[in-house]
Each structure stands twice: as structure tokens, then as C-alpha cells.
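Structure first, commentary second.
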Amino acid sequence: MSRPILYSLRRCPYAMRARIALLLARQTVRLRDVVMKHIPAELLAASPKGTVPVLVFEDSRVIDESLDIMLWALQQNDPNDLLNSKQPGALASMLAKIKRYDMDFVDALEKYKTAARYHDSAEKTYRQQCEKLISPLEQSLDKYDYLMGARPSLADYALLPFLRQFSRVDRKWFINAPYPNLHRWLNTHYQNPIYSIAMTQYPPWADSHQEFLFGGG
């Protein structure tokens, strides 16, 4: 059976989502790591918007949204029940949380990262906008080990790449910030071997056209 092709980029948080979900779902793909300055024609042919991740199937079906790739993978196999299939309404609740953070938090995070990069005086303002959405997570993690309860769920892995980025914008500030539960939650994910595998760097596909099998059990 031919494996789907995943166009990916190691440090892209959206691609990170897809890679983590594929690992957790034990789905094998043919990984093509790309450099966004030199987007392959094959990627553009599959998804003209030219962003990653993009999952291309043998029958020409294309999934080019990170959350949709996560859902596809876990709908094939969800050994850890990250979709909380036994709880009515759980998936809808998770998707609503993810959508809110994808819109509001990611927007503030991008502004915070840009301000920090250019030493903009608005850096603190944008960080505080992020904190308005960090605080509810911190409070939730005071009661539970994970964002939606005692076990990890889709929401944890969907938000992980962006919360990781937030923690790294100003590491010195974050180390001393009043978010001990978020610190613990991040460290728990970092210690999971899947995280290291997801962050593995591969040679750019454009250089050698060499694919790598990724995921699986």
C-alpha cells in the first residue's frame, strides 16, 4: 500500500501538530521536509496556498490544514483515546477550545514574537494579551494534569506547539513567570519520546528528493 506524502517543516507549529498526531496514531507517511523559501512545485500543485503541513494521498486527495490532519490520523487509530470518544460532546468542546486559541492566542503570539524580535516597545502589551488566554489554562492545570482533564487529549497536542513558542519568546521572563502548572505541563510533553521524534530534523527534500518514512507503530 502506498503511503501518503506529508510535506512538513520542522519548526513550523502547524506541521509539528501533524507530526505529533501521526506518531500518536501510528500512521506511516512519506515525509518531505521543505524550505519555505524554495517551495517545491509538487507541494504547490497539491495545495496552491503553499503552506505546510500538506498531506497528499495516492488518489490525489489532499488535507492541507493541520487540525484536519490530526483528526484524520486519530480517526484511523486512536490508541490513547485522544478524541475522548466515550464522552458525548467532548470532541466539540475540544474543537471549540482549539479554534479560540488558533484565532485569539496565535494572533497575539505572532505580534508578541515580532515585537520581541525588533525590540518594539509594545512587546509587553502583546505578551499581556497572550497571558489573558494563558491564565485560564494555568487555572485548569491546577485541577488536572492536562488541559481537558486527567488524561491528554487532542487539545493538549494541538495547543502544545504554540504554548511552546510562547515560552521561548523571552525565556528568562517565562522561567520566572507565575505559571508553575504550565511549566509542569510543558516539561511533561518534552519528556515524552514522541516529542523528540516529532522534532527530528531531516534533510530538505528539494536537495535530494529523498523521502523518509515517518510515524508508524
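The values are calculated or read from the model by the stated rules, or taken from the named source; none is laboratory data. Remember, it's a predicted structure, so these values are computed and weren't measured experimentally. When we count neighbours, we look across all protein chains shown, and the Cβ atoms used for this are built from the backbone with ideal geometry, even at glycine. SASA here: full protein model, heavy atoms, side chains in, ligands and nucleic acids out. Shrake-Rupley method; radii C 1.70, N 1.55, O 1.52, S 1.80 Å.
In the range 173-217, of all residues being charged (D, E, K, R) and more than 24 Å from PRO136 (Cβ to Cβ), the one that is nearest to the chain's Cα centre (by Cα) corresponds to GLU211. For the range 172-188, a residue qualifies if it is open to solvent by less than 70 Å² (accessible area, probe 1.4 Å) and either in contact with a helix residue (DSSP H, G or I) (Cβ under 7 Å, 6 or more places away or on another chain) or of a type in the set (Val, Ile, Thr) (or both), and the qualifying residues are PHE174, TYR179, ASN181, LEU182, TRP185, LEU186, THR188. Across the range 134-166, the number of residues qualifying as open to solvent by less than 10 Å² (accessible area, probe 1.4 Å) and part of a helix (DSSP H, G or I) comes to 13. Scanning the range 1-36 for residues that are open to solvent by less than 10 Å² (accessible area, probe 1.4 Å), within 14 Å of ASP68 (Cα to Cα) and hydroxyl-bearing (Ser, Thr, Tyr) yields a count of 0. Here the range 37-57 is the region considered, the condition is being of a type in the set (A, V, I, L, M, F, W, C) and either under 17 Å from ASP68 (Cβ atoms) or touching a Pro at 6+ places or on another chain (Cβ under 7 Å) (or both), and the residue that is surrounded by the fewest Cβ atoms within 10 Å (Cβ to Cβ) is PHE57.
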